[in-house]
Amino acid sequence: MNVLIVYCHPSSNSFTYRVKESFAKGAISGGNNVEITDLYAEGFNPVMSPEEYRREAFYDESLDIPRDVLEQQARVSRADCIVFIYPDFWTAAPAMLEGWFQRVWTYGYAYGASPKIHLKKALFLVTMGGSLNDGIRKEQLEAMKSVMIGDRMHDRAEKCEMHVFDEMTRGYGNDKNRSDRITRFVKQAYEIGFNL
């Protein structure tokens, strides 16, 4: 299977980076081809231009799509499976990834009369500081699923899954727990990749 990882985190010194690395190793070991889009490292521009807005707001396919967006769309089109790996920032993806969807999911490509995205699988691997044992975090998780799986992926993938790696905050008496969870979650990320 051709797997596209869309990775969005500003630091390589992070647990999210380790999840990405472990998942990719697992996917490759499982016999998949892996391509990685590292939005921060590549300097992806998440800001929609006025011209892009006109194209989307008026469903005008005669207006040009910027080259960087076409390059991202080509990566998605090569994939059978897309995997988004990012941290939870205030119950949302980082602004960079929000902008990626706003710019890359264009009219005629991601939606409209004949959309061109037909994936076998979409995965979301999300890191979170808080605990899913807290009622509010469970509610936030459902909201994240509604946005990412319900709206962003909708019927663009045959199967969708979200995996959340929680209790990853630094400090607050969580250091030992965090260390133990890193070991467990890095292994889990590898297994998710291997068993695609």
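The values are calculated or read from the model by the stated rules, or taken from the named source; none is laboratory data. Bear in mind the structure is a predicted one, so any value in this text is a computation, not a measurement. Please note: Cβ atoms are built from the backbone with ideal geometry, for glycine as well, and neighbour counts cover all protein chains shown. Calculation scope for accessible area: heavy atoms of the full protein, side chains included, ligands and nucleic acids excluded. Shrake-Rupley method; radii C 1.70, N 1.55, O 1.52, S 1.80 Å.
Of everything listed in (1) more than 30 Å from residue 128 (Cα to Cα); (2) not in a loop (DSSP other than H, G, I, E, B), the single unmet condition for residue 86 is (1). Within the range 135-173, the set of residues being basic (Lys, Arg), open to solvent by 40 Å² or more (accessible area, probe 1.4 Å) and either without any contact (Cβ under 8 Å) to a residue 12 or more places away in the chain or in a loop (DSSP other than H, G, I, E, B) (or both) comprises 138, 170. For residue 125, indicate whether it is of a type outside the set (Val, Ile, Thr), assigned to a strand (DSSP E or B) and more than 21 Å from residue 77 (Cβ to Cβ). Taking the combined requirement at face value, the residue satisfies it. Within the range 27-75, the set of residues being of a type in the set (S, T, N, Q), open to solvent by 90 Å² or more (accessible area, probe 1.4 Å) and under 18 Å from the mean Cα position of the chain (by Cα) comprises just one member, 33. In the range 112-129, the residues that are crowded, with 20+ Cβ neighbours inside 10 Å form Cβ pairs under 6 Å with partners that are among the polar types (S, T, N, Q) and at pLDDT 95 or above, at six or more places apart or across chains, as follows: 127/16. Pairs linking a residue in the range 82-107 that is surrounded by fewer than 23 Cβ atoms within 10 Å (Cβ to Cβ) to a residue that is of a type in the set (Asp, Glu), with Cβ atoms under 6 Å and 6 or more positions apart or on different chains, are 107/56.
Run down 3, 19 and say which single residue is under 25 Å from residue 143 (Cα atoms), touching a residue at least 60 places away in the same chain (Cβ under 8 Å) and under 14 Å from the mean Cα position of the chain (by Cα).
Result: 19 is the single residue among 3, 19 that is under 25 Å from residue 143 (Cα atoms), touching a residue at least 60 places away in the same chain (Cβ under 8 Å) and under 14 Å from the mean Cα position of the chain (by Cα).
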